[in-house]
Structures are given as C-alpha cells and as structure tokens.
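S.K.: Pasting in a structure now, in structure tokens, and then I'll have a few things to ask.
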Amino acid sequence: MTICFFIANFITTIYNKSLFFIRTSVRYASSLNDYQPTNRGSGSPAGALSSHVRGTMMLRKLHRISALLLAVFAIVHIINHLVGLAGLEAHIAFMHSFRSVYRYPLVEAMLLAAVTFQIFSGLLFVVRGWKHRRGFIPWLQAGSGAYLAFFFLNHVGAVLFGRSALLLDTNIYYAAAGLYVHPFQYFFAPYYFLAVLAFFTHSGCALYWQFPAKSRFARQLAVSLPVVLGFGVSLLIALMLSGKFYPIEIPTEYKATFGARS
C-alpha cells in the first residue's frame, strides 16, 4: 500500500509538472497563428508580426532550455553505457551512483517534464516547418528530432511501466532483454543504434546554426564531427548490449516481459 501511494504521488507530481510545460508551450505556440495580413492600418500587421516573432522565439527558447537539461542527462547516460564496455559490474556501479542524482524525486520530475515538453515542442516545429524547410541540414535536424521524440516517448514510457507495473529494476538487463528474444532483436538493435546517432546528429545540427553563414567550413565541421562520433558510439553501445564484447546472461524475469520462458 505504501509503495502504491508513493507511485501515485510520484506520477501526480510528474503530471502537474508536465502540464505546466505543455500549457506554456500551447500558449506561446498559439501565437504563431496570430499573424494575418491586413490593409486596415500600418500598425496592425507590424503588431501581429511582432506577436508571431515573440511567440516563436519564446517557444524556441523553452525548447533549448529543456534540450540542455536533457542533453546533460543523455551524455552521462551514454557514458554509463560506454563504461559498460569494461564489464557489467562497472556499468551497474556507475548506474547506481548516477541514479542517486537523477532519481531524486524533484530532479526526476524535472527530467520527465522536460521530456514531455521536448516531445511536444519538437514535433510542433517539425509539423509547422514542413512546407518551409529548405536544405539538407534543416531536414536532418527535423528527422533526427522526430526520431528522438519517438524514442523518448517509447523508452521513457517503457522504463516507467517496468518500474511501476512490472516492479523490475530497469537496469541494463531490462534494456537489453529484447536483443535476446527472437525476433525482437531486429527491432531493438537499430532502435538503440539510431537513438544515440540521432542525439549526436541533432546536437550537431543545433551547433550548425551557432556559426555565421559565411563560416561554411566551421558549420560543416559542427555537423560532421558529432555525426561521425555518434556513429562510433552508437555502434559500440549496440554491440555491447548485444553481448558481442562479453556474454550477457539475461535473467528469466526480464526475458519474460517479451513472452520468453527461459
């Protein structure tokens, strides 16, 4: 009963935090539709355009803030998996130390709220810019962002379900179980590989816009280096989770989540 009460209270906290970010994004996103050309007066179009620009800038600012918060978590999370190259014991030890920070109720609620807002605002940018996006980098940024939204929604949801409903420790065994039950490995191998690659690619695209347009080489480097690094890191993590560096014995209770009996 105590555990159920804690979970209910925890979910309520997350829900309230998420609503705050969603309402904020909706309020500012709605201003994107405010601009309607008119000839009634010289002041009206300028005022509408100003509202349009302010709404867009605010939404992007909030998107960047939530992205920075998630990027810090994602980088440490990726490092945690790279530590796993030294063995499961090293991975789990790092994970437990990291958990003492990100599973603190307030920190976790902020992270989950940031994930919710990031998914909502990111998909909003993808949809609204669909007809106006030109060039390879804008489409690469949109595509990697859309995949990250899919991954966040699926992965975070699976972790919360595993913890609250299945009462499992959502550790490396929980993450890797699908790679050891046929035919789920055909989904999870590219699923994890593309997630890490999308994170590095999306980060590179964000860096791209920080350089002046005349610095073409710097812009290309800002994208290409993270993509190359992301490809290597993605491959290492996917191979590690697949047991290519050392054998990983997945406990029965984790395989059972995919219907396997042993």
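S.K.: Would you tally the residues in region 244-262 being outside any helix (DSSP H, G or I) and either open to solvent by less than 60 Å² (accessible area, probe 1.4 Å) or on the phi > 0 side of the Ramachandran plot (or both)? Before you say what the answer is, go through the steps one by one.
M.R.: Restricting attention to region 244-262, the residues satisfying the condition of being outside any helix (DSSP H, G or I) are 244-251, 259-262.
Now restrict to residues that are either open to solvent by less than 60 Å² (accessible area, probe 1.4 Å) or on the phi > 0 side of the Ramachandran plot (or both): 246, 248, 250-251, 259-260.
Within region 244-262, residues that are outside any helix (DSSP H, G or I) and either open to solvent by less than 60 Å² (accessible area, probe 1.4 Å) or on the phi > 0 side of the Ramachandran plot (or both) number 6.
S.K.: Here's another thing I want to ask about it. Of the residues that sit in region 182-235 and are touching a Phe, Trp or Tyr at 6+ places or on another chain (Cβ under 6 Å) and either of a type outside the set (A, V, I, L, M, F, W, C) or in contact (Cβ under 8 Å) with a residue 60 or more places away in the chain (or both), which one is nearest to residue 81 (Cα to Cα)?
M.R.: 234
S.K.: For region 143-164, give me the residue count where each residue is more than 16 Å from residue 95 (Cβ to Cβ) and open to solvent by less than 60 Å² (accessible area, probe 1.4 Å). Show your work before the answer.
M.R.: At the first step, the residues of region 143-164 found to be more than 16 Å from residue 95 (Cβ to Cβ) are 143-154, 156-158, 160-161, 164.
Narrowing the set further to residues that are open to solvent by less than 60 Å² (accessible area, probe 1.4 Å) leaves 143-149, 151-152, 156-158, 160, 164.
Counting residues in region 143-164 that are more than 16 Å from residue 95 (Cβ to Cβ) and open to solvent by less than 60 Å² (accessible area, probe 1.4 Å) gives 14.
S.K.: Sticking with this structure for a sec: I'd like to know if region 28-37 contains one or more residues that are open to solvent by less than 70 Å² (accessible area, probe 1.4 Å), at pLDDT 85 or above and of a type in the set (A, V, I, L, M).
M.R.: Scanning region 28-37 turns up no residue that is open to solvent by less than 70 Å² (accessible area, probe 1.4 Å), at pLDDT 85 or above and of a type in the set (A, V, I, L, M).
S.K.: For region 46-95, how many residues are open to solvent by 30 Å² or more (accessible area, probe 1.4 Å), modelled with pLDDT of 95 or more and of a type in the set (Gly, Ala, Ser)?
M.R.: The number of residues fulfilling the criteria is 3.
S.K.: Which ones in region 96-142 are part of a helix (DSSP H, G or I), open to solvent by less than 40 Å² (accessible area, probe 1.4 Å) and over 20 Å from residue 72 (Cβ atoms)?
M.R.: Those that are part of a helix (DSSP H, G or I), open to solvent by less than 40 Å² (accessible area, probe 1.4 Å) and over 20 Å from residue 72 (Cβ atoms): 124, 125, 126, 137, 138, 142.
S.K.: I need the full set of residues from region 167-224 which are open to solvent by less than 60 Å² (accessible area, probe 1.4 Å) and more than 25 Å from residue 153 (Cβ to Cβ), in order please.
M.R.: 208, 215, 218, 219, 222, 223, 224
S.K.: Another question, if that's okay. Just checking, does region 242-261 include any residue being closer than 22 Å to residue 67 by Cβ and modelled with pLDDT of 95 or more? Quick ask: steps written out before the conclusion?
M.R.: Within region 242-261, the first condition is being closer than 22 Å to residue 67 by Cβ, and the residues that meet it are none.
Taking every residue of region 242-261 in turn, none turns out to be closer than 22 Å to residue 67 by Cβ and modelled with pLDDT of 95 or more.
S.K.: Separate question: Cβ contacts < 7 Å: first residue under 14 Å from residue 170 (Cα atoms), restricted to region 93-107; second residue assigned to a loop (DSSP other than H, G, I, E, B), any location; separation 6+ or different chain. Result?
M.R.: What qualifies is 95/171.
The values are calculated or read from the model by the stated rules, or taken from the named source; none is laboratory data. Nothing here was measured: the structure is a model prediction, and the numbers come from that model. FYI the Cβ positions are ideal-geometry reconstructions off the backbone, even for glycines, and counts take in every protein chain you see. The protein model used for the area step is the full one, side chains on, heavy atoms only, and it has no ligands, DNA or RNA in it. Shrake-Rupley method; radii C 1.70, N 1.55, O 1.52, S 1.80 Å.
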